Amino acid sequence: MNEITFATREEEETLQDLFTGYGMALAGDIEEHVLVKAGHKVLAGAMLSQIDTNLFHLLVFAVSKDGHHQGIGSQLLQELLKKPENYCRTSFDGVDETYTVTTVAKGDAAPFYQKNGFAACDFSVLAYPFDEQCEECPDKQDCKPVAMMIECHQYKERK
Ligand SMILES: CC(C)(COP(=O)(O)OP(=O)(O)OC[C@H]1O[C@@H](n2cnc3c(N)ncnc32)[C@H](O)[C@@H]1OP(=O)(O)O)[C@@H](O)C(=O)NCCC(=O)NCCS
């Protein structure tokens, strides 16, 4: 099992490079991102944001190119879905028993999210400004973004 931790300032360049490889960027302050690490090696990164007591949005998510198809992405995603508030720097007043996690997948990544329990949804389901984020984007034709959501139920034992 790889370690999942919050990123530190020292890891900013490494994570930025990982995202840049996919035409992506850090989604906020480096310390708001989480990493999957094996020793000192960064295998994956993500940023999850809590929008409300029953709503989270995954802003960015990627696995390093040499780590694909080894279950690393699924490990990170499932952990985020299980205890989302543990991986958000912006904390709210608790989490409802049932909560929704949304994201916008690049078209290529949609099957990965589906494999992990997400379903495609209308962009109008997403919170502002995520519902509008792709409207004016010049990369929309190539990216083929898909709005996605999953409804989760709290586990009884929480850390
Ligand atoms: C999508 C991504 C996160 C998957 O990470 P991963 O660690 O390889 O995923 P896992 O090993 O847990 O699961 C892989 C499974 O997801 C699905 N999957 C992953 N990428 C896929 C793709 N491009 N097309 C179709 N299915 C895909 C397949 O079912 C695959 O199963 P397989 O390994 O038996 O073929 C990774 O490919 C990535 O970082 N891509 C670039 C950035 C990106 O698209 N991020 C998503 C947010 S936009």
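Please report, in debye to the nearest 20, how large the charge dipole of segment 9-88 is about its Cα centre when each Lys and Arg carries +1 at its beta carbon and each Asp and Glu carries -1 there.
About 360 debye.
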Would you mind getting the Kirkwood hydrodynamic radius of the chain from its Cα pairs, rounded to one decimal in Å? 16.0
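Averaging sequence separations of C-alpha pairs under 8 Å and six or more residues apart, then dividing by the length of the chain, give the relative contact order as a whole percent.
On the way: 253 pairs, mean separation 31.4, N = 159.
In percent, rounded to a whole number, it is 20.
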Can you say what percent of the DSSP beta bridges in segment 3-153, counting only those with both residues inside, are antiparallel? Round to 5. 85
Determine, from the Cβ-Cβ distance of GLU10 and SER91 and an R0 of 30 Å, the FRET efficiency 1/(1 + (r/R0)^6), rounded to the nearest 0.05. 0.80
What percent do you get for the relative contact order of segment 2-45 when only Cα pairs under 8 Å and 6+ apart count? 49
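Read-outs: derived from the displayed coordinates by stated rules, not from any lab. What you see is a predicted model; the values in this text were computed from it and never measured. No Cβ is skipped: glycine too gets one built from the backbone with ideal geometry, and neighbour counts run over all protein chains shown.
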